[in-house]
Amino acid sequence: MSEIIDLKQEIQKSTLSANLFFACYTDDVPQNGGACVKYKDDQIAIFNFTRRGEWFATQNLCPHKQQMALSRGMIGSSGDDCEPKVACPFHKKTFSLKTGECLSGDDYQLKTYLVVINDGKVFIKID
Amino acid sequence: MAKKNVVIIGNGMVGHKFCEKLIAKTDEYQLVVFGEEPRIAYDRVHLSSYFDGKTIEDLSLSTIGWYQENNIQLHLGDAVTEINRTDKIVHTHSGKTQSYDYLILATGSAPFVPNIPGVEKDGVFVYRTIEDLDKMKAHASKCKTGAVLGGGLLGLEAGKALLDLGMQETHIVEFASRLMPRQIDDAGSKLLQGKLAQLNLQVHLNKNTSSIMGENEITGLAFADGSVLELDMLVISAGIRPRDEIAKLCGLEVSSRGGIMVNEFMQTSDESILAIGECALFKSMIYGLVAPGYEMADVAASLLCNIDKQFKGFDMSTKLKLIGVDVASFGDAFISEPDCTSIIFEDTHKGIYKRINISNDGKQLLGGILIGDADAYNMLLQTVNNKIILPPNPEDLILGSRGGAAAEGAGVMSLPDDALICSCEAVTKGAICGAVIEQDITTVDGMKKCTKAGTGCGGCVPMVKDLINGTLAENGKYIKNVLCEHFDYSRQELLDLIKMNKIKNYDQVLDTFGKGDGCETCKPAVASILAGLWNDLILKQDTIQDSNDRFLANIQKGGTYSVVPRIPGGEITPDKLIVIGQVAKEYNLYTKITGGQRIDLFGAHLSDLPIIWSKLIDAGFESGHAYGKSLRTVKSCVGSTWCRFGLHDSVSFAIEVEDRYKGLRSPHKLKGGVSGCIRECAEAQSKDFGIIATEKGWNLFVCGNGGSKPQHAQLIATDIDNATCIKYLDRFLMFYVRTADPLTRTATWLNKMDGGIAYLKNVIVNDSLGIAADLEEEMAFFVNTYTCEWKAAIENPEMRKRFNHFVNAPEEKDPTVKFEEMRTQIKAEAW
Ligand code: SRM
Ligand SMILES: Cc1cc2nc3c(=O)[nH]c(=O)nc-3n(C[C@H](O)[C@H](O)[C@H](O)COP(=O)(O)OP(=O)(O)OC[C@H]3O[C@@H](n4cnc5c(N)ncnc54)[C@H](O)[C@@H]3O)c2cc1C
Ligand code: SF4
Ligand code: FES
């Protein structure tokens, strides 16, 4: 979280904004759920984890069967340290929203993005 | 100092297991693996499932990443062609050389192909590798008739594969006078033959094949007795040949009948070379099963770590995986009188044959055969292996106790601690019970992770479950099916809590009774409870619904959705049919008549769903809830309005019932059927509830199931009128909604119910719990508050917005969705 807050201050100074992509408005993404945004030819899944007051973003493509579906998956947490996760709607493989690691024991890795919220807008940091 | 090299030849099941075992014990060695097949080790035991949907990935035992992480050098698609024992170097096909300190031969075996004239013809296959299967698949599309040469364990498996490949006719040709000659007796074989015939596998015994007919491509088999069998493809499954060729070449001792000779430490005649798995011959025996191979892998890995472990031979008991027929043999299956007493039970009607061989003093079980019903296999095998003293009436072992009901799984707890429960992973009873007590493991999944038990062939899973529950019970722990890691309650407990506390949303449920942030298991379960209790619109809490419920449609390949309007009782007017046709045409949807007497439209883009539904709703359709755990269809037959046998109007009644319960959220989906007479054209007895007309009224059946474990529904009331039938149904359905675990169909719910159908009937018909009035009242509330959720969704702009693929480009559809053409309609791109 601290990183996000730092970023917020920076964005106000608008030094970083070149790397930040305006994705949508906060109320475009359902509470405790996800939505998909188009970025150039890519698709990014954004998750509004209202319960934790956190936002996450990952690739929308599920690496299991190459389905553009993660934004439609259910989010939740796993384990004692409450790792935030998303379950793909197709075969319920789950992925950490923090690290993109597959939590169902397969060798998949999702790309994750940093999310910045400012003034009701959702930005994604593209590197 | 440089690490010593261990070179493993063969990346099959046993070679891979050896790597796992060795690195778990030590990091002293550098491992180098050569595998001839182009892919990483996979599960050969479940090879056949490649034909019914499993992918190569599903079958893989590991990943390239695993080998990298553990610093194991893996060379795939490169066979070792020569072993130079003097310099301790191996040479490979691609020209690589590699020195070794220890060499492990895990080369497995190859199918034995008898020397019949014509075996080289096109259309003749063997069954061992994924490549073999791909070749069969490619050839099968143009074939109608297939056969397997060999009626052993693998032959039957191959026969099933031919069925899965869509052969219209499949034959099994066996030289011996019975099937599975090594596992079962004549009587068992006869029964099995009958069972296979039902699966459409025709068996020919005593057949000596003299030649394979055809020009370049096979056209048939000619037998020594002069008869001929015409066919388009043949799979040879006549036994295995250990792959000892490179061992032989370098002068290791091999048997004239095949197999690299090893001692109890798996050493060959050269101390630094070990052989394990199907290529190894121990005491004149090749062990053609995976469990003994894994044990050998462990023995070999132990030797390299100076751990004293010996291979002591292995039990060859087996249970066939053929879907539809249970076949098992264990211990000494063939010993016969006067060396023992055999108890045989045969039910030709149900297709069950069971034989147990008991020592003459009546104290010990020596072995046996089970066909048609092998539920007792695990326990019987344990009884043999652990020399457990038999009860006074040993026939109970196969007939079940016919006195008072015996506690489920009671027998398992009486096993000794060193009883081997999972033979694939060598996990004992002591280890499983220990994990329950010391590490608080309470689920099969947890046990798989913790001990690996049940991760091999999976045959021991029921026993593992009984052991977990048995241990919990012995330790005075209350066994309950908790929902998931976020809730320490069963579905029923949580339902009662939510109801008493009148909680209406998920977050509040989680805050009050749970922990963490929820997951894909508890969210839909709680959603179903809330819907069942308050009948609120499910889209109000869309993100706790399973994806299908969230978008009110089933997600399908490629990320498109299917649309299933309700067609109650299967009755539809020409006008409505026309609307379905028009909508399908306009939105380019694939249409199909479903098995539930209605029409499914596939291939809809997410963003088209609201407009498609608004057109359907305008024409008078409603949601068919094909996506929900809720009422699907009530199937009808045409009944007395047209049918000359019809006793009552089954269509009208089916429509009435379907309209009454439509939208009811339940633990699993619900299906019904109404037939106009005993001919039962609506198949009502295979449904969760079935209604069949009699001269005097209706008979009501409950808790039937089609699907993967079909079960007939059972009668709870006879000759009742329409109103009574509805009353009983109200009670039955509400009782199920209130008490079943998530994702439990009515049949499974009944199977787990103490007291079974007699108890259920008493609750529903005689109101033995005094809750009938409550149940009816709850159902009335539900019926009165029903609304079509699709109608509500399209009328609400906020909800409609949820159906766009891109939130930042609502007008654009998902560009990755692709269709192909098939029979002038569209089809999803294969994945
Ligand atoms: C479309 C249809 C096949 C067809 O082309 O005919 C079908 C399609 C599906 N069935 Fe089915 N079943 C269809 C009739 C059946 C029947 C026959 C019947 O209803 O008379 C059965 C056996 C009867 C029974 O349920 O007892 C059947 C037993 C299953 C099962 C196994 C249930 C079980 O208890 O073992 C599943 C899996 C599940 O529900 O967990 C399943 C699941 C599915 C799913 C939902 C799988 C999925 O998640 O994608 C399929 C969804 C298709 C879609 O997108 O609409 N389907 N399915 C049939 C739709 C009927 C309808 O109008 O609603
Ligand atoms: C269809 C089918 C169903 C089966 N069902 C069951 C069952 O229900 N229960 C059961 O217990 N068992 C079953 N089995 C048997 C089980 O699969 C084998 O016992 C097990 O695979 C043996 O393992 P392995 O490693 O010894 O041999 P394999 O798995 O065959 O592995 C040997 C590997 O070594 C490679 N190799 C050979 N020579 C060389 C070389 N010179 N250089 C490099 N690589 C080489 C081979 O290509 C192969 O990949 C079944 C087998 C089949 C085919
Ligand atoms: S429609 Fe039913 S039987 Fe057919 S593939 Fe899908 S789930 Fe399996
Ligand atoms: S496609 Fe995502 S889990 Fe299979």
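The values are calculated or read from the model by the stated rules, or taken from the named source; none is laboratory data. A quick note: this is a predicted structure, and the numbers were derived from the prediction, not measured. Here the Cβ positions follow ideal geometry from the backbone for every residue, glycine too, while neighbour counts run over all protein chains shown. The area values use the complete protein model at the heavy-atom level, side chains included, leaving out ligands, DNA and RNA. Shrake-Rupley method; radii C 1.70, N 1.55, O 1.52, S 1.80 Å.
Odds and ends about this structure:
- For segment B:39-53, Karplus couplings with θ = phi - 60° (6.51, -1.76, 1.60), whole Hz, Gly/Pro x: 10, 5, 3, 10, 7, 6, 4, 9, 3, 4, 5, 4, 7, 10, x
- Here B:Lys363 is the anchor, and the lysines within straight C-alpha reach of less than 27 Å, apart from those fewer than 8 places off in the same chain, are B:Lys312, B:Lys319, B:Lys354, B:Lys387, B:Lys429.
- Fraction of the pair-distance distribution of chain B above 47 Å, Cα-Cα pairs, percent: 34 percent
- Under 23 Å from B:Lys96, Cα to Cα: lysines that are on another chain or at least 8 residues apart: B:Lys3, B:Lys4, B:Lys88, B:Lys248
- Globularity index of the protein assembly as shown, i.e. its alpha-carbon radius of gyration over 2.2 N^0.38 Å: 1.04
- Modelled FRET efficiency - R0 22 Å, B:Glu271 with B:Ala2, Cβ distances, 0.05 increments: 0.55
- Nonlocal amide H pairs with B:Cys424, under 5 Å, H built at 1.01 Å: B:Cys457
- Excluding ligands, DNA and RNA, the accessible surface per residue across segment B:413-480 is 48 Å² with a 1.4 Å probe.
- Segment B:350-391 versus segment B:619-675: alpha-carbon centroid distance in Å: 46 Å
- Sites matching GluC sites (Glu not before Pro) across segment B:12-45 that sit in DSSP coil, with at most 15 neighbouring C-beta atoms within 10 Å: B:Glu28
- Solvent-accessible area per residue, Å², over chain A with all protein chains present [probe radius 1.4 Å]: 44 Å²
- Accessible surface of the protein assembly as shown, 1.4 Å probe, proportion on carbon and sulfur as whole %: 48 percent
- Reachable lysines, given that their alpha-carbon falls under 27 Å from the alpha-carbon of B:Lys135 and they are not under 8 places away in the same chain: A:Lys65, B:Lys54, B:Lys121, B:Lys144, B:Lys160, B:Lys207, B:Lys321, B:Lys557, B:Lys827
- Peptide-level mean, for A:46-55, of C-beta atoms on other protein chains within 10 Å: 2
- Placed amide H near B:Thr633: partners under 5 Å, 5+ positions off or other chain: B:Gly672
- Association of chains A and B removes close to 3400 square angstrom of accessible area from solvent, both sides included, for a probe radius of 1.4 Å.
- Per-peptide packing, taken as the mean over residues of other Cβ atoms within 10 Å, places B:52-58, A:34-40 in the sequence A:34-40, B:52-58 from highest down.
- Peptide B:505-517 is shielded by partner chain Cβ atoms: per residue, an average of 3 of them sit within 10 Å of its Cβ.
- Taking the inverse of the mean 1/r over every pair of distinct Cα atoms in segment B:317-401 gives a Kirkwood hydrodynamic radius of 12.8 Å.
- Mean Cβ neighbour count within 10 Å, used as a protection proxy, ranking B:522-528, B:185-191, B:234-240 highest first: B:522-528, B:234-240, B:185-191
- Extension gain, B:Tyr786 to B:Asp719: 0.36 nm times the residue separation minus the Cα-Cα distance gives 21.1 nm.
- Peptide-level mean, for A:67-75, of C-beta atoms on other protein chains within 10 Å: 6
- Using θ = phi - 60° and Karplus 6.51 cos²θ - 1.76 cosθ + 1.60, couplings along segment B:577-594 (whole Hz; Gly, Pro as x): 4, 5, 4, 4, x, 5, 5, 4, 5, 5, 9, 6, 9, 7, 10, 8, 6, 8
- A simple spin-label model places pseudo-atoms 7 Å from Cα toward Cβ; at B:Glu245 and B:Gln68 they are separated by 3.3 nm.
- Phi angles of segment B:218-231 translate, via the Karplus equation with coefficients 6.51, -1.76, 1.60 and θ = phi - 60°, into HN-Hα couplings of 4, 10, x, 10, 10, 10, 4, 7, x, 7, 9, 10, 7, 7 Hz per residue; Gly and Pro are given as x.
- If R0 equals 35 Å, the separation of the Cβ atoms of A:Lys98 and A:Tyr25 corresponds to a calculated FRET efficiency of about 0.90.
- Per-pair calculated FRET efficiency, R0 = 35 Å: B:Cys643 and B:Ala758 via Cβ, rounded to 0.05: 0.55
- Fully extending the segment from B:Glu217 to B:Lys592, taken as 0.36 nm per residue of separation minus the present Cα-Cα distance, adds 131.3 nm.
- The mean sequence separation of alpha-carbon pairs under 8 Å and at least six residues apart, normalised by the residue count of chain B, gives a relative contact order of 7 percent.
- A convex hull fitted to the Cα coordinates of segment B:630-732 yields 85 cubic angstrom per residue.
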